[in-house]
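Okay, so here's the structure we're looking at.
The values are calculated or read from the model by the stated rules, or taken from the named source; none is laboratory data. Keep in mind it's a predicted model, so treat the numbers as computed, not measured. Ideal geometry is used to build each Cβ from the backbone, glycine not excepted, and the neighbour counts take in all protein chains shown. Each accessible area value is taken on the protein alone, full model and side chains, heavy atoms only, with ligands, DNA and RNA left out. Shrake-Rupley method; radii C 1.70, N 1.55, O 1.52, S 1.80 Å.
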Amino acid sequence: DARPLPAWFDEAKFGVFIHWGVFSVPSFGSEWFWWYWQKEKREPYVKFMEANYPPGFSYEDFGPLFTAEFFDPNQWADILKASGAKYVVLTSKHHEGFALWGSKYSWNWNAVDVGPKRDLVAELATSVRNRTDLHFGLYHSLFEWFNRLFLEDATNAFKTRKFPTSKSLPELYEIVAKYQPEILWSDGDGNAPDTYWNSTGFLAWLYNDSPVRDTVVTNDRWGAGSICTHGGFYTCSDRYNPGHLLPHKWENCMTIDRSSWGYRRDAHLGDYLTIEDLVKQLVETVSCGGNLLMNIGPTHDGRIAVVFEERLRQVGAWLKVNGEAIYGTKPWRAQNDTVTPGVWYTFSPKEGKVNAIFLNWPVSGTLELGEPRSKLGETQVKLAGHKELLKWVALGEKGMVIALPQLTPQQLPCQWGWTLQLTDVN
């Protein structure tokens, strides 16, 4: 906990999460498919299997069907770059235990032995590093739903530690040594304490002796009870967006598909967040000191579905105009405006600018801000992506009314949200 957070992470603000694995084969309902089908025996999952697969078909039988024949890591890297994201986090292994690299500790249940017969982690890492300036990160699930060693430890109330010593920890050391991820996004504590996982022992090595000791960033999911209390940055829960400033660096990990992290063939258009929704999430999160980690789920054959690609490219187009109000910013003294709803603030320390990001273009053509204290003859107001300075009047001690330029939709610098840059405000 005492280790300072490497500066790059707070400056980055925006990353892309990728949930990819054997669950991408059934691509039905959720990436928790195996658990819901076999353990909870949820009716839609049981019926889906009965209707579409022969009797006796096991989850392991999906392994060879995870083929990745259309996986082009260069294309993925180009889409990630176009999104404006500054980091990417790939699921190296989810709760199903299937490793996307040729793990020595996951015999015959990894992407080199089964399915694609390729080291997917290595390929994406190489493309991201060669073609972009994104930081490369890996997600890793501590526990595995149906691993016998884990289930045996759980039966012994975690007094035995067969699973972490022979499987989970060796894998963590392996992916750090092999791929040198700059984010290690842990998950899935299996209700076991951090002492069972030896999280502090591993993190001490990671921070002091590992090849990424100076740059690596970790989250808060390292054992039961550690979430939102221990870690480099806090995630607190999935889709966490508190709407107010937090005293510790945090991340809002969320999905473009409202219902699932993995790809779903049964998704409808209405299940996907719109670009307006995504810009709103990004702006709210950053103004409250968080980073946004936006998740996509590729298909079993290695494609980023067109709807995900479009959303990512749209966010990138928005950031091209408004990036100064996002990257490298700090929270301002007010996070959102007290008078006009849908206005969020960030502060650019280098330029000394206050950024007021507004999500609705007012019909009146004027925007009233209740928070900034302007200085007559000194305060200047600019619309990001528009050349001329804007006219404004002060409202007493605090607050101002700004006249927005009269532009046709075609002349607007961007869609979905706009930034006013205020200089020389108290």
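Considering (1) over 20 Å from Trp32 (Cα atoms); (2) open to solvent by less than 40 Å² (accessible area, probe 1.4 Å); (3) assigned to a loop (DSSP other than H, G, I, E, B); (4) in contact (Cβ under 8 Å) with a residue 40 or more places away in the chain, say which one Tyr105 fails and leave the rest.
Going through the list (1) over 20 Å from Trp32 (Cα atoms); (2) open to solvent by less than 40 Å² (accessible area, probe 1.4 Å); (3) assigned to a loop (DSSP other than H, G, I, E, B); (4) in contact (Cβ under 8 Å) with a residue 40 or more places away in the chain, Tyr105 breaks only (2).
Only one of (1) touching a residue at least 24 places away in the same chain (Cβ under 8 Å); (2) part of a helix (DSSP H, G or I); (3) of a type in the set (A, V, I, L, M, F, W, C) fails for Ala51. Which number is that?
Ala51 satisfies all of (1) touching a residue at least 24 places away in the same chain (Cβ under 8 Å); (2) part of a helix (DSSP H, G or I); (3) of a type in the set (A, V, I, L, M, F, W, C) except (1).
Looking at Lys330, Lys353, Lys398, Lys375, can you tell me which residue is touching a strand residue (DSSP E or B) at 6+ places or on another chain (Cβ under 9 Å) and open to solvent by 70 Å² or more (accessible area, probe 1.4 Å)? Walk me through how you get there before you give the answer.
Details: Lys353 fails: open to solvent by 70 Å² or more (accessible area, probe 1.4 Å); Lys398 fails: touching a strand residue (DSSP E or B) at 6+ places or on another chain (Cβ under 9 Å); Lys375 fails: open to solvent by 70 Å² or more (accessible area, probe 1.4 Å).
Checking each option against the conditions leaves just Lys330.
On the basis of being outside any loop (DSSP other than H, G, I, E, B) and exposed (fewer than 14 other Cβ atoms within 10 Å of the Cβ), does Asn130 make the cut? Steps first, please.
Numbers: outside any loop (DSSP other than H, G, I, E, B): yes; exposed (fewer than 14 other Cβ atoms within 10 Å of the Cβ): yes.
So Asn130 fits the description; yes.
Table: residues versus (1) in a strand (DSSP E or B); (2) under 32 Å from the mean Cα position of the chain (by Cα); (3) closer than 19 Å to Ser287 by Cβ; (4) in the same structural domain as Lys13 (by the TED database).
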| residue | (1), (2), (3), (4) |
| --- | --- |
| Ala334 | no, yes, yes, no |
| Ala356 | yes, yes, yes, no |
| Thr408 | no, no, no, no |
| Leu412 | no, yes, no, no |
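Checking the condition farther than 30 Å from Phe14 by Cα and of a type in the set (Val, Ile, Thr), which residue from Thr160, Thr132 passes?
Values: Thr132 fails: farther than 30 Å from Phe14 by Cα.
Unique residue meeting the criteria: Thr160.
For the stretch 233-292, name all the residues that are at pLDDT 95 or above, surrounded by 15 or more Cβ atoms within 10 Å (Cβ to Cβ) and of a type in the set (Ser, Thr, Tyr).
Tyr234, Thr235, Thr255, Ser260, Tyr263, Tyr272, Thr285, Ser287
Part of a loop (DSSP other than H, G, I, E, B) and not aromatic (Phe, Trp, Tyr): does that describe Leu420?
Values: part of a loop (DSSP other than H, G, I, E, B): no; not aromatic (Phe, Trp, Tyr): yes.
So Leu420 fails the test.
Which of the residues that make up the stretch 49-69 are open to solvent by 30 Å² or more (accessible area, probe 1.4 Å) and either of a type in the set (Phe, Trp, Tyr) or in contact with an Asp or Glu (Cβ under 7 Å, 6 or more places away or on another chain) (or both)? Before the answer, list the steps.
Going through the stretch 49-69, the residues open to solvent by 30 Å² or more (accessible area, probe 1.4 Å) turn out to be 50-58, 60-61, 64-65, 67, 69.
Once the filter is applied, which keeps residues that are open to solvent by 30 Å² or more (accessible area, probe 1.4 Å) and either of a type in the set (Phe, Trp, Tyr) or in contact with an Asp or Glu (Cβ under 7 Å, 6 or more places away or on another chain) (or both), the stretch 49-69 yields Tyr53, Phe57, Thr67, Glu69.
Please work out which one of (1) surrounded by 15 or more Cβ atoms within 10 Å (Cβ to Cβ); (2) in a strand (DSSP E or B) is the condition Val393 fails and give its number.
(1)
How many residues, within the stretch 1-44, are open to solvent by 20 Å² or more (accessible area, probe 1.4 Å), under 18 Å from Asn219 (Cβ atoms) and part of a helix (DSSP H, G or I)?
Number of matching residues: 4.
Scan the stretch 82-89 and tell me whether some residue there is of a type in the set (Val, Ile, Thr), closer than 19 Å to Trp261 by Cβ and assigned by the TED database to the domain that holds Ile256.
The first filter runs over the stretch 82-89 and keeps only residues of a type in the set (Val, Ile, Thr), leaving 88-89.
Then keep just the ones that are closer than 19 Å to Trp261 by Cβ; that gives 88-89.
So of that shortlist, the ones also assigned by the TED database to the domain that holds Ile256 come out as 88-89.
Yes: one or more hits.
Name the residue that is least open to solvent (accessible area, probe 1.4 Å), counting only residues in the stretch 293-311 that are assigned to a helix (DSSP H, G or I) and either in contact (Cβ under 8 Å) with a residue 60 or more places away in the chain or more than 15 Å from Trp261 (Cα to Cα) (or both). Working first, answer last.
Looking only at the stretch 293-311, we keep the residues that are assigned to a helix (DSSP H, G or I), and these are 306-311.
From the residues that got through so far, the ones that are either in contact (Cβ under 8 Å) with a residue 60 or more places away in the chain or more than 15 Å from Trp261 (Cα to Cα) (or both) too are 306, 309-311.
Details: Val306: 114, Glu309: 43, Glu310: 92, Arg311: 23 Å².
Going through the qualifying residues, I end up with Arg311.
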